[in-house]
1. Between VAL164 and ARG192, what is the spin-label point distance in nm, taking each point 7 Å from the Cα along the Cα→C-beta axis?
2. In the chain, what % of DSSP beta bridges are antiparallel (nearest 5)?
3. Between ASP173 and ALA365, what length comes free when the chain is fully extended (0.36 nm per residue of separation minus the Cα-Cα distance, one decimal in nm)?
4. So in region 1-116, what percent of DSSP beta bridges are antiparallel if you round to the nearest 5?
5. Go ahead and estimate [θ] at 222 nm for the chain from helices alone: -39,500 (n - 2.57) per DSSP H run with n ≥ 4, summed, over the residue count, rounded to 500.
6. With +1 on each Lys and Arg Cβ and -1 on each Asp and Glu Cβ, how big is the dipole of the chain about its Cα centre, in debye rounded to the nearest 20?
7. GluC sites (Glu not before Pro), restricted to region 338-390: which are DSSP loop and have at most 10 other Cβ atoms within 10 Å?
8. With every protein chain left in place, what is the accessible area per residue of the chain in square angstrom, probe 1.4 Å?
Amino acid sequence: MPEFGPITCAGCGLLCDDVLVDAADDAVRLTPDCDLGAQWFSERLLRPAGAPSATIDGKPVDVGSALTRAAELLRGARRPLLHGFEHATVEDARAAVALADRLGAVIATDDGEWAGAPAVPLRGASTATLGEIRDRARVVVIWREDPESTHPRLLERLGIGGGVERTLVVVDDSDTATAGRAEVRLGWPPGRDLEALTTLHALQRGLTVRAGELELPLSGLLKRLRAVPHVAFVYGAGLTAGAGGQRRALALHELVRALCHERHAVTLELPGAPGTRSADDVLAWQSGYGGNVDFASGHPELVTATQPLDDVDVTLLVEPGSAGAAEIALGSLAAGPGVEVWIRTAAAGVDGGGTAHRLDGVPLALQAPLPGEAPSAAAVLTRLLAEVER
Ligand code: SF4
């Protein structure tokens, strides 16, 4: 295996575009060093040779036969669902939206517990690029996330520990690697996050509140936030997943809005997977909504259910991060058990190219340092749409 780079790594939503890959032997190493990125490349570079291009019920078939069967399943579906997108590109998501529109399907970019009406489409958000946060924020609050594990170079990219006077505050009651780097640690059970955020908001507005043992740490945090001209909040599924998650996200955005009266305050959301931001952005510009969208009525509608739709009868997984149960799967990694039709696709960033949106929305090119014969998911979805319309 060769050495190549610098290229863009799609191992997490940071999409570092300065990565050198050394795959000279059975182990993959990255420069700058990143274990998560090395694992991502090795899963795709060291795939077993001779994998079929497509399977039906686990048996190798040609791609044309697989597309025909997939189109049959989708044409016969009452309530199809397109989901996954953990490693999708912008081009993949655009092709998926076109197919979902034609099928009247639900398209979902969030495969976790559905958290209800999403906060950002409802009220908007104050955001910034990584570079803007690095250059301006003097207090960075990481709320119940552990980017040292999930986005290993985030603190470096935000300039934390880079010589500029900047306070890292971590809100988390778990002992994480990120919490270990914090100058200030605050901890309470996750069930009190909504109370903490609304209390901070009330304190910022000068209201009298009784928050018990939270009052002292929250007053201290507010004092730090008020002492600097630029602050940033980093958050993700630790705050927004599960019941009431989007209410907590809304409370964070309302707090940031209130802080913005006197200083520059922004949020940075850590997506659960590298392709999620690209798929959300494509959905937003093509349908008007990010997240989960239903095309069943003939026009796009935002899905605000807290439970996945229980009448879904055919699911199509697009570039999933791991093998999941579905009738049809299009992915660069092997299909999971129970998948009826699987079509192998190129891994964007290794044997296929494309465009991806970094977690702060900046578009970046994914190169194909080792181009192969597998088609992109976008190409397969476009062929599938033609097959459905035949
Ligand atoms: S931080 Fe993420 S994008 Fe950057 S090298 Fe590591 S895995 Fe790749």
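1. So the label points at VAL164 and ARG192 sit 3.3 nm apart.
2. 40 percent
3. The ASP173-ALA365 span can extend by a further 65.4 nm.
4. The antiparallel proportion sits near 75 percent.
5. Values: 13 runs with 126 residues, N = 390.
Helices in the chain give a 222 nm mean residue ellipticity of -9500 deg cm²/dmol.
6. Details: 35 positive and 52 negative charges, 252 e Å.
That gives the chain a dipole magnitude of about 1200 debye.
7. Answer by residue number: GLU373.
8. 43 Å²
The values are calculated or read from the model by the stated rules, or taken from the named source; none is laboratory data. Only a predicted model underlies this, so the values are computations on that prediction, with no experimental measurement involved. For neighbour counting, all protein chains shown are included, and Cβ atoms are generated from backbone atoms with ideal geometry for every residue, glycine included. Calculation scope for accessible area: heavy atoms of the full protein, side chains included, ligands and nucleic acids excluded. Shrake-Rupley method; radii C 1.70, N 1.55, O 1.52, S 1.80 Å.
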